[in-house]
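See below for the structure under consideration.
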Amino acid sequence: MDEISVAICDDSALMRNLIGRIVEATEGLSICFKAQNGQDLLDKLQTSTPDVILLDIEMPVMTGVEFLKERKARNINIPVVIISSIATEGAAVTMQCLSLGASDFVTKPGGSSVSLKIADVSREIIECIASYGGRYARRHGKEVYEPDFFDHQIKLKEAERFVQEKKASELQNNHGTSSLLNKASAVENAEKNKTTSIASMWRPPKPKEKTDIVPLREGGKIEIIAIGISTGGPNALRDVFKAIDANLKQPILVVQHMPAGFTKEFAASLHSICPLPVTEAEDGELIRGGHIYIAPGNKHILVEHRPMGNLIRLSDSEQRNGHRPSADVLFESVAKVYQNHALGVIMTGMGRDGASELAEMRKQGAWTLGQDQESSIVYGMPRVAWELGGVQKQVALQDMAAEISSLAKEHLYE
């Protein structure tokens, strides 16, 4: 089995080392090279071809933004994932990177305890490498593990780290050892101890036959459209919304898995290319037709029925499927309020968020669509939704805007 080859570009030697350790500790991944700035990266790309690039933004000589512009000019199509601390304060810069062709972003931790906190984002780093790098590698003839393999590996590492930290805590209670040093040692051991037997034990999930759902009622007029999306979503949504029908009358509510602090700027970036208004959703606002609402990071989004007009509600309730916002929370709410007068759409993403409640929407008689395998960066959420019977029709990304627009027009509530 081939490995997914990773290039790490960061001016910080500490960050290059920490991210490199995450890569090296993950079976199925390898480091192609490390670079100190954008120019160094361009130079090394002349002799080496990684499957994915992890790119810092703020660097001397050539910044991440400058590299992306040069990448575009040179027609380099290796996927790029932004990893930068500036992203938290500069969401606009991150969105600029996405508009310049970056595939996704992960916020790296800052502060004096960065070596401890890096473990908190290791899952996101590995997911992005497995998703974007894996897809690129397969398209260029490599035989690499599917994202499910890495998801399984992540869960094993998280369980191992939990045990290590629990042991460290017990040592502290019994011997008064410094908690900070114990936790640092636990994290370091968890990252260093590469589990060499994972591949031998790994069994890919077998495809399941599609469950047949018999709706409680026939599909009615569409009053609302709900979309759930994750890995691969930022650019997929750009493709959909720049081509959406300018005369679409229904509101669209979107759950895109994204950290707090970024969704407002993300909505603004979509608004700049979409013929419909796009905003970050606010609690208690009236749901208006022909308007696109993006769920805020770290908030669930729901709909609430009111006689004078339905409202958006935001919630801090517990994560669902490891996410807040969660597509399942949105779909569940839409199924209850709108029943068969809705259109549910599930798109690219790792895991199963949204799958079970899209099936519930279908059971209530709603119209449903799922992104197809070929065009999905990760065929996880839409695959599970299809297997559960929640998807009426699978649609390629390039056709999704037209399909949504057509259904919305055909079943318009007047």
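The values are calculated or read from the model by the stated rules, or taken from the named source; none is laboratory data. Only a predicted model underlies this, so the values are computations on that prediction, with no experimental measurement involved. With ideal geometry, Cβ positions are generated from the backbone for all residues, glycine too; neighbour counts draw on all protein chains shown. The protein model used for the area step is the full one, side chains on, heavy atoms only, and it has no ligands, DNA or RNA in it. Shrake-Rupley method; radii C 1.70, N 1.55, O 1.52, S 1.80 Å.
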- Note on the structure: In the chain, taking the dipole from +1 charges on Lys and Arg beta carbons and -1 charges on Asp and Glu beta carbons about the Cα centre, the listed residue (His341, Ile19, Ile125) farthest towards the positive end is His341
- Just for the chain, what percent of DSSP beta bridges are antiparallel, to the closest 5? 15
- By average Cβ neighbour count within 10 Å, what is the ranking of 281-290, 328-337, 403-412, 8-17 from highest down? 328-337, 8-17, 403-412, 281-290
- Task: List, in the order given, every pair from Lys264/Lys363; Lys299/Lys363; Lys336/Lys393; Lys34/Lys166; Lys34/Lys69; Lys44/Lys69 whose Cα-Cα distance in the structure shown is over 24 Å.
- Result: Lys264/Lys363; Lys299/Lys363; Lys34/Lys166
- Relative contact order for the stretch 271-414, counting Cα pairs under 8 Å that sit 6 or more residues apart, in percent: 16
- Taking a straight Cα-to-Cα line shorter than 13 Å from Lys249, and setting aside same-chain aspartates and glutamates fewer than 8 residues away, one finds Glu223, Glu410, Glu414
- Task: Take the alpha carbon atoms of the chain, find their radius of gyration, then divide it by 2.2 N^0.38 Å using N residues; give the quotient.
- Result: 1.01
- Message: Sort 256-267, 367-378, 237-248 by the packing proxy (mean of other Cβ within 10 Å over each peptide's residues), most packed first.
- Response: 367-378, 256-267, 237-248
- Order by protection proxy (mean Cβ within 10 Å, highest first), peptides 343-355, 33-45: 343-355, 33-45
- Query: On the accessible surface of the stretch 342-383, probed at 1.4 Å, how many percent belong to carbon and sulfur atoms?
  - Reply: 42
- Query: Of the beta bridges DSSP finds with both residues in the stretch 311-414, what % are antiparallel, to the nearest 5?
  - Reply: 10
- For Ala35, other-chain or 5+-apart residues with amide H closer than 5 Å (H placed, Pro excluded) are Ile8, Cys9, Asp10
- Size of charge dipole - the stretch 225-377 - debye, nearest 20, with Cβ of Lys, Arg +1 and Asp, Glu -1, no other charges: 220
- Query: What relative contact order, as a whole-number percentage, does the chain give when Cα pairs under 8 Å and 6 or more residues apart are counted?
  - Reply: 13
- Item | Three principal axis lengths of the stretch 265-384 [C-alpha, angstrom, descending] | 39, 34, 29
- Message: For a quick check: with amide H placed at 1.01 Å from N, whose amide H comes under 5 Å from Arg313's, ignoring anything fewer than 5 positions away on the same chain?
- Response: Gly284, Leu302, Val303, Glu304
- Query: Where nothing but the Cβ of Lys and Arg (+1) and of Asp and Glu (-1) is charged, how large is the charge dipole of the chain around its Cα centre, in debye to the nearest 20?
  - Reply: 300
- Task: Starting from 0 in steps of 10 Å, tell me what percent of the Cα-Cα pairs of the stretch 320-367 lands in each bin.
- Result: 31, 54, 14
- Could you go through the stretch 404-414 in sequence order and give the Karplus-derived ³J(HN,Hα) for each residue, using 6.51 cos²θ - 1.76 cosθ + 1.60 with θ = phi - 60°, rounded to whole Hz, and x for Gly and Pro? 5, 4, 5, 4, 4, 6, 5, 10, 5, 8, 10
- Please calculate how many Å² of accessible area the stretch 198-293 carries per residue, with a 1.4 Å probe and no DNA, RNA or ligand atoms counted. 47
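What shape does the stretch 324-414 take by its C-alpha gyration tensor, where a ≥ b ≥ c are the square roots of the eigenvalues and a/c under 1.5 counts as rounded, a/b above b/c as prolate, and the rest as oblate?
Details: a/c = 1.90, a/b = 1.14, b/c = 1.67.
In terms of gyration-tensor shape, oblate.
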- Item | Debye, to nearest 20: dipole size of the stretch 1-59, +1 on Lys, Arg Cβ, -1 on Asp, Glu Cβ | 100
